[in-house]
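The values are calculated or read from the model by the stated rules, or taken from the named source; none is laboratory data. Since the model is a prediction, treat every value here as computed from it, not as a measurement. For neighbour counting, all protein chains shown are included, and Cβ atoms are generated from backbone atoms with ideal geometry for every residue, glycine included.
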Amino acid sequence: MTTTTEAAPPQVVPLEAARKKRRKLTAYWLLLPGIAWLVVFFAIPMVYQGSTSLQTGSLEQGFKLTWHFATYWDALVEYKWHFVRSFSYAAIATVLCLAIGYPLAYTIAFKANQRWRNVILILVIAPFFTSFLIRTLAWKTILSDGGPVVGALNHLHLLALSDAVGLTSGHRVLATPLAVVCGLTYNFLPFMILPLYTSLERIDPRLHEAANDLYARPFTIFRKVTFPISLPGVVAGTLLTFIPASGDYINAQLLGSPSEQMVGNGIQKQFLNVLAYPTAAALSFILMALILGMVTVYMRKAGTEELV
Amino acid sequence: MTEQQPEAATAGGDVRLTGIGKTYGDFTAVQPLDLTVPQGSFFALLGASGCGKTTTLRMIAGLEEPTSGTVLIGGQDVTDLPPYKRPVNTVFQSYALFPHLDIFENVAFGLRRRGKKDVKKQVESMLELVELGQYARRKPHQLSGGQQQRVAVARALINHPQVLLLDEPLGALDLKLRRQMQLELKRIQTEVGITFVHVTHDQEEAMTMADTIAVMNAGRVEQLGAPADLYENPGSTFVANFLGQSNLIAAEVTGSADGDLLLSASGVRLAMPKARCATDATKVYLGVRPEKITLAHASATGDIAEGRNRLQGTVVDSSFIGVSTQYVVRSEGGQEIAVFEQNMDRDIRIAPGAPVVLHWNPAHSFGLDAAQAIDAGTGEAAA
């Protein structure tokens with residue numbers, strides 16, 4: 001009895017099932033390139049870096065995995081001021097980007113007509129047509145000692161003020177925290193403006209009319225309607241600005257002096273000059289963990305999960 | 001009827017527009033117009049899209065600045081006041097609910113802006129009125145269209161405005177829900193007794209809900225009156241065609257007798273009461289609504305009572321729609337005339353191709369100046 005059924009199984013059913021199974025698999029096949037990309041360029045380097053950070057040795061004698069966790073602590077102690085500078089410069093630059101970017105994005109979204117809207121948006125993106133390095137070098141010229149900015153600030157006696165609060169020193173802008181913050185702000189401004197614009201542009205102007213109709217004055221409309229609705233854009237913009245800015249080393253390198261160095265400069269130095277690969281890897285991991293922690297707290301505070 | 005209200009009458013929620021107009025560059029959206037909406041009435045601005053009805057409403061709300069004229073609400077000149085200082089609230093087309101606030105906060109918005117006390121109690125009782133109590137903590141996008149519509153009404157009404165403005169509030173709803181909401185809005189209006197100004201392009205909606213309708217066309221008020229009055233005595237071809245359906249027959253005045261005008265329409269003698277003719281011209285359109293006409297087979301001509309208007313013709317088309325049958329008859333003059341017959345005693349001989357006589361009471365005719373376009377207001381927007 002059993003042998004007969006096994007000997008002559010119904011042919012159609014397994015074929016159908018196989019076809020269904022194959023169709024289900026198609027979705028996974030489509031994911032493959034993306035997964036492969038992530039594995040090769042993200043997962044493997046991460047594991048490699050993680051193991052590097054726990055190795056000891058030198059380039060001449062070779063590195064060995066010794067699970068040396070003390071590297072992390074040593075790196076953190078040595079570079080604590082770099083971390084402080086990284087995050088405070090990035091935070092100041094982010095706040096400045098928001099202060100400059102929000103009014104601009106608001107103007108593009110609500111005040112500009114279609115033609116001006118496109119012109120301004122192109123102007124916002126225009127800096128991307130030149131390289132990051134060249135843009136930062138240009139700022140070196142702008143902020144140079146004989147340059148227009150120093151001249152103007154001196155004329156207004158503002159440099160004495162910024163010297164006093166420690167933003168600048170010796171009546172010059174270049175090689176001071178101010179210069180680094182300026183560079184960061186300039187370079188990451190588009191990353192703030194674009195998400196802000198997208199979130200503002202989606203707001204139905206009738207909501208403004210409805211709020212106006214319901215006894216809200218223009219500023220109240222902004223405070224109670226426009227700003228809360230644009231919050232996802234604010235969160236996206238601040239993250240897109242703060243995260244790359246805190247890992248940046250070009251601005252500190254070109255516009256700052258050794259006393260403005262950020263974590264990025266430390267990683268670069270450990271990796272390329274000192275050739276202390278474990279320390280460089282450990283620094284990278286600490287930076288990543290700190291950013292991740294801050295972002296998590298920030299997102300919780302902003303309470304944007306339900307808005308997005 | 002509503003235009004000449006004495007100044008002394010309780011000016012509580014009267015809306016008085018005098019010479020109000022709006023132009024955008026060369027384009028005139030609203031011709032300077034005078035309009036008085038009496039306190040406590042349900043007033044409809046009816047017209048096809050682009051006729052200026054929404055612009056008029058927005059000028060009352062303060063969302064649009066009039067080019068000329070003044071807006072008075074309850075005797076107070078509000079022409080130069082911004083929207084947030086006017087004692088009016090608006091129910092917007094597609095509602096414009098605040099997406100980031102829940103239903104409770106949406107409804108509480110106006111109260112909070114004015115720093116009112118016991119917001120919670122007021123909002124809760126308002127949500128009860130529109131039967132949305134259990135949805136207080138939902139976000140607008142979690143509600144159906146009809147529920148969102150009720151939130152929009154509650155959000156405006158809770159402020160006890162002197163006038164509630166409704167901008168096509170039912171446009172986004174399906175037919176069944178729209179009928180239901182029409183009755184609902186009418187109920188709320190009777191309950192709260194606030195003046196409602198309602199903008200719509202749906203003539204049935206306007207007639208169902210409003211006490212007074214202003215029919216607007218190309219930036220002007222064509223005619224103003226109670227729904228039945230407008231329907232029975234249209235003053236222009238636009239109103240005749242836009243509000244319901246009309247047969248307009250070109251005719252010439254040949255004389256008068258006993259208060260009736262005698263007319264000749266391509267040789268056929270017709271009559272209508274002088275009082276129902278809106279013009280002194282000799283070239284007129286005689287209008288008659290399709291449901292006022294009775295059809296008789298040509299062989300039954302003898303049974304038709306004396307003194308009725310008659311036209312000979314041939315049935316071109318008939319469609320049975322349940323309560324009635326709609327016929328298209330080509331008259332001897334070559335004009336197509338629509339006739340709606342109740343399905344009571346159907347004469348089976350009346351079928352396409354049959355010779356018939358159309359007859360109606362002359363008192364059901366109305367006269368319009370033939371200098372107007374005969375097809376004004378018949379566009380698809382009027383459907």
Can you confirm whether the range B:228-247 contains a residue that is within 26 Å of B:GLY333 (Cα to Cα) and part of a strand (DSSP E or B)?
-> yes
Does the range B:310-319 contain at least one residue that is in contact with a helix residue (DSSP H, G or I) (Cβ under 8 Å, 6 or more places away or on another chain), without any contact (Cβ under 8 Å) to a residue 60 or more places away in the chain and farther than 28 Å from B:ALA373 by Cβ?
-> no
Exactly one of (1) within 23 Å of B:ASP258 (Cβ to Cβ); (2) of a type in the set (A, V, I, L, M, F, W, C); (3) assigned to a strand (DSSP E or B) is unmet by B:VAL315. Its number?
-> (1)
Identity of the residue in the range A:236-251, surrounded by fewer than 21 Cβ atoms within 10 Å (Cβ to Cβ) and aliphatic (A, V, I, L, M), that ends up nearest to the other protein chains (Cβ to nearest Cβ) | A:ALA236
B:SER266 vs (1) over 18 Å from B:GLN372 (Cβ atoms); (2) surrounded by 20 or more Cβ atoms within 10 Å (Cβ to Cβ); (3) of a type in the set (S, T, N, Q): all pass except (2)
Checking B:VAL239 against (1) over 30 Å from B:TYR135 (Cβ atoms); (2) without any contact (Cβ under 8 Å) to a residue 40 or more places away in the chain, the condition it does not meet | (2)
Unique residue being in a helix (DSSP H, G or I), of a type outside the set (Phe, Trp, Tyr) and free of Cβ contacts under 8 Å to residues at least 12 places away in the same chain when the list is A:ALA138, A:ALA179 = A:ALA138
Within the group B:LYS292, B:LYS274, which residue is touching a Phe, Trp or Tyr at 6+ places or on another chain (Cβ under 7 Å) and either assigned by TED's automatic domain parsing to the domain that holds B:CYS51 or of a type in the set (Lys, Arg) (or both)?
-> B:LYS292
Residue check: is A:PHE271 assigned by TED's automatic domain parsing to the domain that holds A:THR176, closer than 24 Å to A:PRO45 by Cα and modelled with pLDDT of 95 or more?
-> no
Output the residues belonging to the range B:342-370 that are within 27 Å of B:PHE238 (Cβ to Cβ), touching a helix residue (DSSP H, G or I) at 6+ places or on another chain (Cβ under 8 Å) and not aromatic (Phe, Trp, Tyr).
-> B:ASN361, B:ALA363, B:HIS364, B:SER365, B:GLY367, B:LEU368
Specify which of the listed residues (B:LEU243, B:LEU261) is surrounded by 20 or more Cβ atoms within 10 Å (Cβ to Cβ), assigned by TED's automatic domain parsing to the domain that holds B:ALA354 and within 30 Å of B:SER94 (Cβ to Cβ).
-> B:LEU243
Matching residues, the range B:72-93, being surrounded by fewer than 23 Cβ atoms within 10 Å (Cβ to Cβ) and touching a residue at least 24 places away in the same chain (Cβ under 8 Å) = B:LEU72, B:GLY74, B:GLY75, B:TYR84, B:PRO87, B:GLN93
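Listed here are the residues, each with its yes/no results for (1) touching a helix residue (DSSP H, G or I) at 6+ places or on another chain (Cβ under 7 Å); (2) farther than 24 Å from A:TYR249 by Cα; (3) of a type in the set (Lys, Arg).
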site: A:THR136; (1), (2), (3): yes, no, no
site: A:LEU158; (1), (2), (3): no, yes, no
site: A:ASP163; (1), (2), (3): no, no, no
site: A:LEU167; (1), (2), (3): yes, no, no
site: A:ALA179; (1), (2), (3): yes, no, no
May I ask you to verify whether A:VAL150 is more than 20 Å from the chain's Cα centre (by Cα) and assigned to a helix (DSSP H, G or I)?
-> yes
Check the range B:167-189 and report whether any residue there is buried (at least 19 other Cβ atoms within 10 Å of the Cβ), part of a loop (DSSP other than H, G, I, E, B) and either within 14 Å of another protein chain (Cβ to nearest Cβ) or modelled with pLDDT of 90 or more (or both).
-> yes
Do we have any residue at all in the range A:239-256 that's touching a Ser or Thr at 6+ places or on another chain (Cβ under 6 Å) and closer than 29 Å to A:PHE110 by Cα?
-> yes
Of (1) among the β-branched types (Val, Ile, Thr); (2) surrounded by fewer than 14 Cβ atoms within 10 Å (Cβ to Cβ); (3) assigned to a loop (DSSP other than H, G, I, E, B), B:THR279 satisfies every one except (2)
Give the residue that is nearest to the chain's Cα centre (by Cα), with candidates limited to residues of the range B:48-63 that are away from chain A (no Cβ under 14 Å) and crowded, with 23+ Cβ neighbours inside 10 Å.
-> B:LYS53
Report yes if some residue within the range B:70-93 is hydroxyl-bearing (Ser, Thr, Tyr), within 14 Å of another protein chain (Cβ to nearest Cβ) and not in a helix (DSSP H, G or I); otherwise report no.
-> yes
Consider B:GLY334 carefully, then state whether it is free of Cβ contacts under 8 Å to residues at least 24 places away in the same chain, within 30 Å of B:GLU205 (Cα to Cα), part of a loop (DSSP other than H, G, I, E, B) and assigned by TED's automatic domain parsing to the domain that holds B:ALA363.
-> no
Given (1) within 14 Å of chain A (Cβ to nearest Cβ); (2) in contact with a helix residue (DSSP H, G or I) (Cβ under 6 Å, 6 or more places away or on another chain); (3) surrounded by fewer than 18 Cβ atoms within 10 Å (Cβ to Cβ), index of the condition B:ALA154 fails | (3)
Residue set B:GLN162, B:GLN142, B:GLN149; condition of a type in the set (S, T, N, Q) and more than 25 Å from the chain's Cα centre (by Cα); output residue B:GLN142
Only one of (1) assigned to a loop (DSSP other than H, G, I, E, B); (2) closer than 25 Å to A:THR94 by Cα; (3) in contact with a helix residue (DSSP H, G or I) (Cβ under 6 Å, 6 or more places away or on another chain) is not met by A:MET192, so which one is it?
-> (1)
Counting only residues that are outside any helix (DSSP H, G or I), of a type in the set (Gly, Ala, Ser) and away from chain A (no Cβ under 14 Å), which one in the range B:110-146 is surrounded by the most Cβ atoms within 10 Å (Cβ to Cβ)?
-> B:ALA136
Scanning the range B:94-109 for residues that are small (Gly, Ala, Ser) and without any contact (Cβ under 8 Å) to a residue 60 or more places away in the chain, the one farthest from the other protein chains (Cβ to nearest Cβ) turns out to be B:ALA108
